[in-house]
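Written out below as structure tokens is the structure these notes cover.
Every number here is computed from the coordinates shown, using simple stated rules; none is lab data. On a predicted model such as this, the values are computed, not experimentally measured, just so you know. Because the Cβ atoms are built from the backbone with ideal geometry, glycine has one as well, and the counts that use them run over all protein chains shown.
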Amino acid sequence: MEKSKNKSYGTLFVIATPIGNLKDITFRAIETLAMVDWIGCEDTRHSIHLLHHYGINKPLISVHDHNEQQRKIQLLKKLQQGKNGALISDAGTPLISDPGYHLVSYLRENGIEVVPIPGVSALITALSAAGMATDKFSFEGFLPAKKQKKTTNLESLKEEPRTMVFYESPHRFVETLQVMQSLFGEGRYVSVAKELTKQFERFVAGTFIEVIAEFTENPDWVRGEFVIIVQGAVVIAESADYQALMHVLIKQNLPVKQISAIIAEKYGVKKKEIYQLVLEIKARN
């Protein structure tokens, strides 16, 4: 249970910063960074460029995965002395696949007010332009580095009906797509966003087999940070008429796109979902 907040204590502001384009920052974020007494950040060498760009000169304190447990005690003392502080990450919204959870939890338990200053998040930025369902989605963050653990993790998501969002680094990116394809099926729809808001921003979308082919043919694209958005598993109510028609059309060797269009129109379902289902049926036969 949180302790009641002490009005003499300082406040920690959790501030979202740009993920690429330095203009993607709010006026409120700049004003707050200029107002606080100190700024906690993942990498002081990285964050100083953003702060200098906006003419902000404040003491920087490193807060990363390896020192967060020790830093939280130090920063609590500063806040208890009435000093206001800010927490930023290298890019985007702090705590979203970035350090900060232990610090924020500890400070709230000790009566410190924590105020979020909203802004950019890579997962929301990518999701907004992916062309997939956004009413419900699951953020999975970074998958385990080891292939076996990664496979086990993804195996548990095979039947997940919500759109799934993952982060991935360049040196594991292609392997991750290949593992996903083997478990989710080559016909599952996927959208990959890379270098969001930067000069070489790129979206590549299609079935797994199509997207993997694109990156195989263009190995120079495998750079920067990636957001992988995967269509959820298609859940369609069983229907004897529905199944019968689908199998008849498949046996007639009609193109998958044509089958998808016919069934989507007759049963009022999305073409993308039918497209994926037809590919999965054809792969099993």
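Scanning region 170-221 for residues that are of a type in the set (Ser, Thr, Tyr) and surrounded by 14 or more Cβ atoms within 10 Å (Cβ to Cβ), which turns out farthest from Pro18 (Cα to Cα)? Outline the logic, then answer.
Applying the first criterion (of a type in the set (Ser, Thr, Tyr)) to region 170-221 yields 176, 182, 189, 191, 197, 207, 216.
Next, only the ones that are surrounded by 14 or more Cβ atoms within 10 Å (Cβ to Cβ) stay: 176, 189, 191, 197, 207.
Values: Thr176: 26, Tyr189: 28, Ser191: 22, Thr197: 9, Thr207: 30 Å.
The selected residue is Thr207.
Can you report the number of residues in region 151-182 which are part of a strand (DSSP E or B) and within 23 Å of Arg223 (Cα to Cα)? Walk me through it before giving the result.
Residues of region 151-182 part of a strand (DSSP E or B): 163-168.
Keeping just the survivors that are within 23 Å of Arg223 (Cα to Cα) gives 164-168.
The qualifying residues number 5.
For Pro94, indicate whether it is under 30 Å from Lys194 (Cβ atoms), within 24 Å of the chain's Cα centre (by Cα) and either among the basic types (Lys, Arg) or exposed (fewer than 14 other Cβ atoms within 10 Å of the Cβ) (or both). It would help to see each step written out before you state the result.
Values: under 30 Å from Lys194 (Cβ atoms): yes; within 24 Å of the chain's Cα centre (by Cα): yes; either among the basic types (Lys, Arg) or exposed (fewer than 14 other Cβ atoms within 10 Å of the Cβ) (or both): no.
Taking the combined requirement at face value, the residue does not satisfy it.
Could you please tell me which pairs satisfy a Cβ distance under 6 Å, a separation of 6+ or placement on different chains, a first residue in region 257-275 that is within 19 Å of Phe184 (Cα to Cα), and a second residue that is surrounded by 16 or more Cβ atoms within 10 Å (Cβ to Cβ) and of a type in the set (S, T, N, Q)?
What qualifies is Lys271/Ser260; Ile274/Ser260; Tyr275/Ser260.
Just to verify a result, which residue in region 105-144, among those that are under 17 Å from Glu68 (Cβ atoms) and surrounded by 19 or more Cβ atoms within 10 Å (Cβ to Cβ), is farthest from the chain's Cα centre (by Cα)?
Ile112
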